[in-house]
Every structure is written in C-alpha cells, then in structure tokens.
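FYI, it's all coordinate maths here, none of it is from the lab. Model, not experiment: these values are computed from the prediction. FYI the Cβ positions are ideal-geometry reconstructions off the backbone, even for glycines, and counts take in every protein chain you see.
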Amino acid sequence: MIKVERRPVSDPGIDENAKKLTPEQIEGVIRHVLEKESAGRLRTFVETCIHCGLCSDACHYYLAYKRDPSYSPVAKVRLTLWDMIRRKYRVDAESIKMYARISYAECNICKRCSMYCPFGIDIAYLMTVVRRICGLLGVVPQYLQDQGNSHMYTYSQSWVPQDDWVDTALWLEDELRMDIRNGRIPFDKEGAEVMYSPHSLEAKFKTNLLTNIAKIMNVAGVDWTMPSFDGWDSTNQAMHVGDYETMGMVERMHFEAAMRLKVKKIITSE
Amino acid sequence: MLTDDWDWDIQDRVITDIDEWKRRYPIVQECSVSDDGERIAAIVETAPQKATVCINGNPWETEYEKIWSLKFSPDSRAVCSVLRNYEWTLAVDNVLWTEPYDFVWNITISPDGKNMAATVKKENAHTVAQNGRTWGISFPEARDLAMSPDGKRVATRVKTKRLASLDIFGFAENILTVAADEKAWDRNFLSIWGIAFSFDSSRVAAGVRLDKTVFTIAVDGNTWDATFAGIWEPLFHPRTHDVAAPVKTPRGWTLAMNGKTVWERCFTQVWHQRYSTDGEKITAVIAPGFGKWTVAVDGSPWTRTFSDAVLYPAFSPDHQRVAALVKEKNRWTVAVDGTPWPVDFDMIWEAVFSPDSSHIAVKAERNGLYMIVLDGKPDTHAYEALWNPIFSPDGEKLLIRCIENGKYCRKVVKVNDIA
C-alpha cells in the first residue's frame with residue numbers, strides 16, 4: 001500500500017466544483033472516457049504495466065520530493081486510473097479531488113517517464129486521461145480553467161481582446177524602431193515565409209519578448225508575419241484542462257490562420 | 001468588382017513604378033490592389049509617426065500617426081484604420097468617419113462596396129460602427145464581425161458581462177452570445193463561434209456550446225432540438241433558410257441540416273462545407289481517416305486522398321465540377337473532381353472558375369516567383385508579385401494584376417495565349 005501524505009491545498013476550481021458532483025455524474029463521465037474515448041490504448045497500457053517502478057527516477061516530482069514513492073509515475077497511475085477501475089468507476093467526490101491534484105499538479109505531462117518504461121507505456125497519456133475525466137467533471141484548478149475559458153472565447157489563453165493584440169504590436173513596433181531603423185512587425189502579410197505565433201503572454205505581460213523576436217526577424221531578414229485575427233496564440237491550455245473540444249478548435253484556428261496567410265512555416269515561442 | 005463597362009480590350013498597362021515608391025519613402029508596407037486592377041495602394045511612412053496611403057504613386061494629402069488594415073472595397077475605394085491625435089477612425093479614400101474611437105478593427109465591406117462596418121472600442125467597451133454610425137449599445141468585449149449579403153446587417157460575438165479575473169464561476173453561468181442589429185440574443189451560451197447570415201440577410205446562425213460535451217446550432221438565438229458531441233460553423237442554404245453544419249456523432253463526423261444528419265457516411269473529420277450556387281449540392285473537406293484528407297460531394301468522398309491538407313472546395317458555376325487546393329508531401333496543387341493537376345507548387349491560392357466553368361485559373365508560387373496556372377499548365381511568365389486572376393465575362397480573357405521589374409501592371413491576356 002502506498003502511503004500518501006499531502007499538505008492540504010485549497011483551490012476553488014477543485015474544491016467548490018467537487019461539491020456539485022453526484023455519484024451518477026462521476027460514474028457516467030468515467031465510464032464515457034474509459035470505455036468510449038480511450039478504450040483500446042488505455043487497456044493495453046494498464047494491462048502491460050508490471051509495476052516495476054523504473055519510471056520513478058524519470059520524474060522530477062519524485063526526485064524533488066525525496067523519492068517519496070507516492071510521487072512516482074506508476075504510483076500516480078495507481079492512485080488515479082487504477083483506483084477508478086478497481087472501484088468500478090464508483091468513486092466519490094473526494095477521490096476526484098485527489099485525482100485532480102495528482103494529474104494537474106503533480107505531473108506536467110513531460111513524458112520523460114515513458115522513456116524510462118521498459119514497455120514504452122505512455123504514462124503521461126494516462127495522466128491526460130485522468131485530466132480529461134476531471135475536466136469533464138469541471139474539477140480543474142481555477143487558474144488553468146480560467147485559461148481554458150479564455151481559449152473558448154478568444155482562442156488565446158490570456159483573455160487578450162482582438163484590439164489589444166493589434167494595438168500592442170503597433171506600439172511595440174515603435175519601440176522596435178528605437179533599436180532597428182525602419183523595423184517592422186507586419187500583420188497579415190499574405191504569402192510571407194513564416195508566421196510567428198507567440199505565447200499569449202508576449203501580447204500581455206511579457207511584451208519585451210515579442211519585441212526581441214521582432215528584432216531577430218528584422219535583423220535576420222526573415223519574411224515574416226503574424227495574424228491580426230484569432231489563431232495567433234501558439235498555446236493551448238484547453239489541452240491541459242482536458243477540454244478536448246476547445247483544444248481541437250484552438251488547434252484548427254491556429255493552422256487555418258497559417259493557411260489563410262499562405263505562409264510556409266509556423267514558428268512558435270515558449 | 002469589375003463594372004460592366006470595364007474595358008477588356010486594353011492589354012498591358014503600367015499603372016505605377018513601385019520601385020520608385022521605395023526610393024521615395026523609407027517604409028513601403030505591403031501592397032493592396034483593387035479588384036478592377038486599376039489601383040494599387042500601400043501604407044507608406046515618411047518619418048516616425050507620419051504615415052499615409054500611397055495610391056498609384058500619389059499619396060493622400062493627410063498624414064496620420066499610424067495606419068493599419070489597408071484594403072480596397074469591391075468598388076475600388078481604399079479603406080483603412082487611421083490614428084490621428086491619439087484617436088482611431090476609419091478612412092475611405094481619405095474621407096474619415098466623423099466619430100473617433102480608441103481602436104477600429106475587423107473592417108468589413110459589403111459585396112457591392114456600399115456598406116462598411118467595423119468593431120470599435122470606445123470608453124473601455126466594445127461595439128460596432130456601421131457606415132460611420134456607432135451602435136447605441138456596447139459590450140465588455142466583441143470579437144469578429146459578419147456582414148449580411150445585403151450589407152445592412154452585421155453581427156459579432158460578444159461577452160455580455162464583465163468578469164473579475166479568474167472568475168470561473170461567472171463564466172460557467174454563460175456570458176457569451178451574438179449581437180446583431182444593436183441587440184444581443186436573449187440567450188447566452190458557454191461558447192459561440194462561426195456567425196453566418198442567410199441568403200436574404202434575414203437570419204443569423206452560429207455554432208454554440210451548451211455544456212462541456214453538448215453542442216448545437218443557434219439561429220437567431222434559438223437552438224436546434226438536436227445536440228451533438230461537436231459542431232463546426234453553420235452555413236445557410238443559398239436559397240432557403242435551411243442550415244447545414246458538420247456535426248460529431250457517435251459514428252464520427254458527418255453533415256447535418258436543421259439538426260438532422262443528411263449524409264449516410266461518417267468520417268474522421270468534416271468541415272468547410274460549401275453549397276453549389278443553386279443549392280442542389282453540397283461539398284466539404286473530409287478526412288476518411290487520420291492523415292488522409294479529401295473532398296466529399298453530397299456525402300460521397302473522392303477516391304484520392306491527400307496526406308497534408310485540403311482547402312476550400314468550390315463548385316464551378318454550372319455546379320458540375322468541384323475544385324480544391326490540396327497539399328501532399330509539402331507541395332501544393334489543385335485537384336478537380338478528385339484528380340490532382342500533374343504539377344505542384346510551393347504555395348497556391350484559391351481556384352477561380354471561368355464563368356462557363358470550362359477553365360480554372362490560380363495564382364501559384366514557385367521558387368519565390370509567382371505565376372498564373374491555367375487548367376494545370378503554368379504560364380511561362382513569372383512575376384515578382386501577383387494577385388488572383390479574374391476571368392472576363394465571356395471567359396476568353398484573364399485580368400492579371402502583377403508586379404514585374406518593380407512596376408505594377410494590369411494585363412489582359414487571352415486564355416488561349418497562356419502556357
């Protein structure tokens with residue numbers, strides 16, 4: 001038995017939304033995700049794992065928490081997915097809160113553990129299945145859910161209004177020209193070689209990063225552009241929420257922006 | 001928009017020397033060309049915070065602090081957002097809308113060029129301005145703008161309530177809807193996108209999300225009875241009020257009309273549906289499997305699939321042929337009725353049918369130069385810049401708008417002389 005000790009942390013997105021759950025809702029969502037959305041791949045992974053623990057040393061959470069076995073990737077799967085399966089999907093809201101904490105806050109889907117697994121089990125994928133369940137139940141950390149909500153309306157993660165995006169880049173162009181004579185941040189240049197797709201924060205809190213990219217593009221002589229319309233943000237927090245419906249829409253917007261601008265490459269930032 | 005009296009007998013005409021513009025101004029931004037090919041314009045900057053629009057070599061008399069989103073209306077007027085004295089407004093051939101705004105974007109113009117609208121920011125709120133008149137209602141936020149075919153109505157996606165930072169519970173109460181004609185729909189949704197007007201401009205539809213996995217279409221705020229696990233943008237029938245949209249069912253994606261699936265087959269993906277002009281047929285981009293893209297007409301897919309992308313299928317005017325842009329192994333070409341042209345390009349633009357449906361012309365790029373491709377045959381002439389070709393009404397000639405040797409020209413060439 002794995003001993004699980006965690007310092008209590010409150011998060012309204014998890015605590016308040018978990019209060020609204022019903023047993024029928026929980027069972028229905030788990031059944032839908034495990035039997036309709038994830039069946040074949042999930043079963044293979046779950047049945048192949050021999051609990052050897054070789055994945056443990058790959059996990060920075062496990063290492064950071066002094067090799068606490070409850071932070072090892074295999075333990076995270078055991079405490080979430082296997083728990084649901086073992087209990088025939090009949091789990092309570094407190095369990096959902098624990099699944100949410102583990103899948104959102106104790107794994108960042110880096111996939112390093114999959115490299116360590118002798119069977120190549122995609123453990124990170126299993127954590128995304130847990131996130132999907134929590135996401136459909138609405139039990140998601142507040143900050144992450146807010147970013148997912150932003151994607152639903154703006155297709156960017158930081159609630160950037162369409163006018164702010166363009167206006168910001170226009171004044172950044174002024175700043176750019178303090179360093180580079182006649183520098184440009186060209187919007188909607190159809191047929192450019194490259195569409196630069198910034199992180200949402202470059203349009204809001206860390207605009208100096210966008211200026212830096214503009215400097216590189218100008219000095220390197222890259223034929224580049226950015227869309228003035230939605231689809232410019234390279235991030236997709238809906239994926240992390242487990243909101244695959246919004247995730248798909250955001251990705252589609254992103255690629256269709258590139259195709260609308262007739263660019264040949266997308267360069268994204270991080 | 002070419003007028004009926006546009007002279008198709010004038011052949012080559014050099015309109016202006018773009019290289020001379022570049023010698024004259026420190027910054028010449030990207031060029032826009034009018035549909036009739038007679039005007040070319042660019043935002044030019046003479047000094048910091050001094051920008052104007054140069055048309056056919058002649059700058060506007062006024063200089064602005066900033067200009068952006070320059071385009072030509074279908075009736076060949078230059079339209080853009082301009083900033084003067086820290087206030088934005090719309091300029092049409094250098095005539096300004098009278099009202100100033102904090103920002104102007106989503107400039108939208110009716111097919112006849114007579115009506116213009118834009119989303120605008122004023123007093124920390126968003127609204128819409130139509131032909132220079134601002135709506136009497138505003139919203140915490142507005143995104144995108146759709147205009148009715150007659151140009152008299154516009155609609156935008158709005159947020160009806162201003163939320164505090166991180167207010168996920170307020171968002172869950174549904175704060176998003178469509179605003180049209182200075183009025184928001186009575187009903188809000190979790191999410192909303194893809195605004196479309198009916199052919200007669202009387203109805204507005206959009207895709208809406210009712211819950212995490214419940215999607216449908218709303219027409220004038222009223223939802224279909226049926227719901228689906230996913231839905232893409234709606235499209236009105238060109239002659240009725242029927243609405244078609246790709247929907248996700250337990251069997252996969254298919255096409256639905258007014259809430260009922262109309263294609264027997266389901267696919268891995270369906271989107272970008274488009275009707276023939278008589279409304280008798282409908283085509284869409286579909287994926288019969290992962291990494292396989294093609295076109296379906298009335299639910300029947302082409303046999304040939306393409307690995308990278310398929311874009312914008314379009315019917316010929318006689319509704320008998322369908323052309324789409326296809327990409328395979330990072331090379332673009334046109335596929336007509338399922339058969340790709342035997343040539344490929346670095347990039348390709350929208351396929352244009354001749355009025356009699358017998359020819360297809362496109363703009364294509366290869367090795368940094370642009371050319372007209374007619375029925376799969378690249379023209380031997382390549383240009384530094386090129387805009388989409390336009391067929392003459394009899395289909396025998398093409399208007400080519402191009403830059404060669406640094407000069408913008410409009411040319412009329414006989415279709416038979418190409419390639």
By the Cα gyration tensor axes a ≥ b ≥ c (a/c under 1.5 gives rounded; else a/b larger than b/c gives prolate, otherwise oblate), the shape of the stretch A:12-140 is oblate
Of the candidates B:W263, B:S73, B:V92, the farthest towards the positive dipole end of chain B (Lys/Arg Cβ +1, Asp/Glu Cβ -1, centred on the Cα centre) is B:W263
Compute the distance in nm between two label points, each set 7 Å from the Cα along the Cα-to-Cβ direction, one at B:T303 and one at A:F119. 4.3
Among B:Y64, B:A244, A:A203 the positive-end extreme of the charge dipole of the protein assembly as shown (Cβ point charges): A:A203
Which value in nm describes the separation of the simple spin-label points at B:D150 and B:S165, placed 7 Å from the Cα toward the beta carbon? 4.7
Computed over the protein assembly as shown, Kirkwood Rh from alpha-carbon pairs, angstrom: 27.4
Local charge sum around A:L210 (other residues, Cβ-Cβ under 11 Å, Lys/Arg +1, Asp/Glu -1)? 0
Give me the net charge for the shell around B:R251: Cβ to Cβ below 15 angstrom, other residues only, Lys and Arg +1, Asp and Glu -1. +2
Inter-probe distance in nm under a simple model that places probes 7 Å from Cα toward Cβ, at B:T62 and A:S10: 5.6
As a test of the definition: which semi-axes, in Å, follow for the stretch B:41-89 when you take the square root of five times each eigenvalue of its alpha carbon gyration tensor? Largest first, please. 18, 13, 7
Considering the options B:V413, A:H151, B:L399, tell which one lies farthest towards the positive end of the dipole of the protein assembly as shown, charges being +1 on Lys and Arg and -1 on Asp and Glu at the Cβ, about the Cα centre. A:H151
Across peptide A:161-169, how many C-beta atoms of other chains are within 10 Å of each residue C-beta, on average? 6
To the nearest 500 deg cm²/dmol, what mean residue ellipticity at 222 nm is calculated for the protein assembly as shown from DSSP H runs of n ≥ 4 alone, each contributing -39,500 (n - 2.57), summed and divided by the residues? -6500 deg cm²/dmol
If a cysteine in chain A has no other Cys Cβ under 4.7 Å from its own Cβ, put it on the list, ordered by number. A:C49, A:C52, A:C59, A:C107, A:C110, A:C117, A:C134
Among all helices in chain A defined by DSSP H, which have a length of 18 Å or more along the axis from Cα atoms plus a Kyte-Doolittle mean of at least -0.5? A:123-137, A:207-220, A:244-261
In the structure displayed, which of B:K363/B:K411; B:K71/B:K407; B:K281/B:K377; B:K292/B:K329; B:K121/B:K183 lie more than 22 Å apart, Cα to Cα? B:K281/B:K377
What does the net charge come to around B:R239 if you take all other residues with beta carbon closer than 14 Å to its beta carbon, with K and R at +1 and D and E at -1? -2
Under a point-charge model restricted to the Cβ atoms of Lys and Arg (+1) and Asp and Glu (-1), what is the dipole moment magnitude of the protein assembly as shown relative to its Cα centre, in debye to the nearest 20? 2760
Tell me, in nm to one decimal, what length is gained between B:D7 and B:A47 on full extension, where the rule is 0.36 nm per residue of separation less the Cα-Cα distance? 10.5 nm
Over 18 Å (Cα to Cα) - which of B:K50/B:K114; A:K97/B:K161; A:K76/A:K97 fall in this group: B:K50/B:K114; A:K97/B:K161
Over the Cα atoms, compute the radius of gyration (one decimal) and Dmax (the largest Cα-Cα distance, rounded to a whole number) for chain B, in Å. 23.1, 65
Determine which aspartates and glutamates satisfy two conditions relative to A:K3: a Cα distance under 18 Å, and not lying fewer than 8 residues away in the same chain. A:D68, A:D83, A:E94, A:E106
Gyration tensor (Cα) of the stretch A:149-268, equivalent ellipsoid semi-axes in angstrom: 25, 16, 11
Semi-axis lengths, Å, the stretch A:3-84, gyration tensor of Cα atoms, sqrt of 5 times eigenvalues: 25, 22, 9
